[in-house]
Amino acid sequence: MRTIKELKAKLNPKNGFQTRYNLEADDKIHLLYVSPKMNATGYYRMIAPALEINKTTTHKAIITSIENNDFSSNLTEMVHQLDERLITWADYIIFPSLFADVSYLFQAIKILNPSVQLVMDVDRNYFAMLNEVTLSRKLTKEKLKHFENNLGLMDIVTVGNRAHKNFLQRLINDRLEKANAIVQFIPSYISRFGYEEMPAIQKNEQQQLRVGLLKPDEDSLLSLKEVFIQLKSSFKDKIQFVCLGKPHSSKEGTELLKEINCDIHNTVSFTDYFEKLNGLELDIAVLPAKEGLYNRHKNYELFYEFSVFGIPVIASIHHPAKAVIKDGETGLLAGEAPEWVSHLTELANDRETLKQIAKNALKSGWKYHSYSASNLESMLEIFI
């Protein structure tokens, strides 16, 4: 994270324009990323891509600013960062998902730079938000309508999930008659910029099996209630469930975590997230998910995050990670409760299989799902 922290400091509005941005003339294709937040979405969808793009000889990326993940930044602050010099420099301007009426902004941009292409990156299916997801309480019908209209004003919409791509293209074609937006699939790749100066992978040296969860939603957590209770009953003190981030759960969910004696860790800032995940020393991670559009259209990065640290994953057949897991080789897929119990028991009792899956996942992640030359080239074919 060193490079990212240094970039965030450099982009502080207190610094002069010339200090923050380099607009030297060149013959490259210019991408302007607008105000990503310092969270998972901002990192995977805008910050890491911009840094990786700047390693190429054909494209150049500028980030206007990196905002704190405090939900207090508003559209006015974002617009303030869009200096006229940046707008005229850009060939593509990439926005995060916008939920306010910004038609006036897009009109002004097109006047300043008629040839610029407007892009919006959509990190999840906002039309199918689960009620227990905190953000859903802030998405009024009016905001969703603005979001929908903004999609229609784009030249390109990018997403990190193939099924979501198809869904969103149909929605735009069906609801927005005058829209010409093309929806493109850009995966959330693993970037070495997120793991700079990271300590070596930390392994659990205790006999107790550490099984990790990463802030699951309530329905997904409760879908494995039978599994967790059965495993705790079978293994007793030989198993320790670990949860990073307190789930937003009902009384039933809270009682389940207490019943299985789950070790709950508070969330940390994203700049410390990878180091925290490494420090949990997990033996196995589980990715539960209930069937539904919202889960089906999520991005895949949770699986990659565990893979980077050599943590074998067992994922629900309804989790989007199913699209990138080679069952039995780089991870395991499970449906009904007996299958979950069987997989977890097998890995707990067969440490060699556990180690092999971990090794396969780690190698596959960096080989196929990172910013390799071929993956970067495929991504840049969208921006020509």
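Per-residue SASA remark: Thr254, around 60 Å² accessible (1.4 Å probe; ligands, DNA and RNA not included). For Kirkwood radius over Cα pairs in Å, which listed value, (1) 24.9; (2) 22.1; (3) 23.9, comes from the coordinates shown? Derived directly from the coordinates: (2). Given a 1.4 Å probe and the protein chains as shown, Tyr368 ends up with an accessible area of around 120 Å². Seen from every direction in turn and averaged, the convex hull around the alpha carbons of segment 29-72 projects onto 2.8 nm².
Accessible surface of Lys276, taken over heavy atoms with a 1.4 Å probe and every protein chain present, rounds to 60 Å². Helix content alone sets the calculated 222 nm mean residue ellipticity of the chain: runs of n ≥ 4 DSSP H residues at -39500 (n - 2.57) each, divided across all residues, give -11500 deg cm²/dmol.
The values are calculated or read from the model by the stated rules, or taken from the named source; none is laboratory data. In this text, all values refer to a predicted model and were calculated from it rather than measured experimentally. Just so you know, the surface numbers come from the protein's heavy atoms only, side chains and all, with ligands and any DNA or RNA stripped out. Shrake-Rupley method; radii C 1.70, N 1.55, O 1.52, S 1.80 Å.
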